[in-house]
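Just below is one structure, and these are the notes that go with it.
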Amino acid sequence: MNPQENAELLAALMRQEELLKQLVAAINKPKLGLHSEAGNCKIYCNRQHGGLWYTLNGEPSDVPQTALTGYLKELRFENTERRKKETCKLLITIQADRTYILESGYDTHFSKCILAAIATLTPEQLYSPITLQPTPGTTDENVLFCRIWVESELVMASYNEQSDWREISKQAIAVTKAAAEMVF
């Protein structure tokens, strides 16, 4: 490339970068006017109230949508009290039209599906939106699995009784953190 072509390419790249910054700023603007979407939306991922997942606004409310697509921002474990017992939960933060925080027991199939799948991905793959699709177990009506899609590809990740969940969790959290720290 000659100096003129280099200068033109650099100018085009700078224009694209500016447009991308404007696009990101527009996406991150809060909604104006009346709406029902202030703050985070916490979704409980279990079949306890008849559906696949639900929210609590005083009373449990089934989430009728069958999938959630957004950017995975964080995976973390948190000790909390449920039904007067100390328990550990996996919290999955997804940024979409608003921030969604999905909560699941740390040792449930739902959590294991997510951790196993995310541990197999690269930070570059998590730079794209992912889709979480709760899937009911077929033989036990209390079991809830989760399918994970990156773009239109189903992420296939198996696990069994010998799976090292401490290592799988560390890898999934590390990949998520690396993706969150990526600069485009």
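The values are calculated or read from the model by the stated rules, or taken from the named source; none is laboratory data. Everything quoted here is computed from the prediction, not taken from an experiment. Cβ sites come from the backbone with ideal geometry, for glycine too, and all protein chains shown count toward neighbours. Areas reflect the complete protein model, heavy atoms only, side chains present, ligands, DNA and RNA absent. Shrake-Rupley method; radii C 1.70, N 1.55, O 1.52, S 1.80 Å.
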Original post:
For the residue pair Glu181 and Gln162, what label-to-label distance in nm results when each label sits 7 Å from Cα along the Cα-to-beta-carbon direction?
Top reply: 3.3 nm
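Nothing charged except the Cβ atoms of Lys and Arg (+1) and of Asp and Glu (-1): what's the magnitude of the dipole of segment 50-184 about its Cα centre? Round to the nearest 20 debye.
Working: 13 positive and 18 negative charges, 61 e Å.
With only Lys, Arg, Asp and Glu charged at Cβ, the dipole is about 300 debye.
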Original post:
According to the square roots a ≥ b ≥ c of the eigenvalues of the Cα gyration tensor, what is the shape class of segment 44-112, taking rounded for a/c under 1.5, prolate for a/b larger than b/c otherwise, and oblate for the remainder?
Top reply: oblate
Subject >> Vicinal HN-Hα couplings computed from phi for segment 104-119 (Karplus, 6.51 cos²θ - 1.76 cosθ + 1.60; Hz; Gly/Pro x) >> reply: 8, x, 4, 10, 7, 5, 4, 5, 4, 4, 5, 4, 4, 5, 5, 4
**OP:** First check a/c for segment 128-184, with a ≥ b ≥ c the square roots of the eigenvalues of its C-alpha gyration tensor; if it is under 1.5, answer rounded, and if not, answer prolate when a/b is larger than b/c or oblate otherwise.
**Re:** oblate
Subject >> Set of aspartates and glutamates with alpha-carbon distance to Lys112 below 14 Å, sequence-local pairs under 8 removed >> reply: Glu103, Glu161, Asp164, Glu167
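How many percent of DSSP beta bridges within the chain run antiparallel, rounded to 5? It would help to have the intermediate numbers written out before the result.
Details: 35 of 39 bridges.
Percentage antiparallel, nearest 5: 90.
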Original post:
In segment 119-170, which GluC sites (Glu not before Pro) are in a loop and have at most 12 other Cβ atoms within 10 Å, using DSSP for the loop call?
Top reply: Glu141, Glu151, Glu161
**OP:** Leaving ligands, DNA and RNA out of it, report the carbon-plus-sulfur percent of the accessible area of the chain at a 1.4 Å probe.
**Re:** 52 percent
Original post:
Mean residue ellipticity at 222 nm from the helices of the chain, using -39,500 (n - 2.57) per DSSP H segment of n ≥ 4 over the full residue count, to the nearest 500 deg cm²/dmol?
Top reply: -10000 deg cm²/dmol
**OP:** Take the Cα coordinates of the chain, assign each an equal point scatterer, and use the Debye formula without solvent to give log10 I(q)/I(0) at q = 0.15 Å⁻¹.
**Re:** -0.95
Original post:
On average, how much accessible surface per residue is there in the chain, in Å², for a 1.4 Å probe, leaving out ligands, DNA and RNA?
Top reply: 67 Å²
Subject >> Karplus 3J(HN,Hα) series, Hz, for segment 161-176 with 6.51 cos²θ - 1.76 cosθ + 1.60 (x for Gly, Pro) >> reply: 4, 8, 4, 8, 5, 5, 5, 4, 5, 4, 5, 4, 5, 5, 5, 5
Original post:
Cβ under 14 Å from Cys113's Cβ, Cys113 left aside: what net charge do those residues give with Lys, Arg +1 and Asp, Glu -1?
Top reply: +1
**OP:** Can you pull the one-decimal nm distance between simple spin-label points at Asn79 and Leu56, each 7 Å off the Cα toward Cβ?
**Re:** 1.9 nm
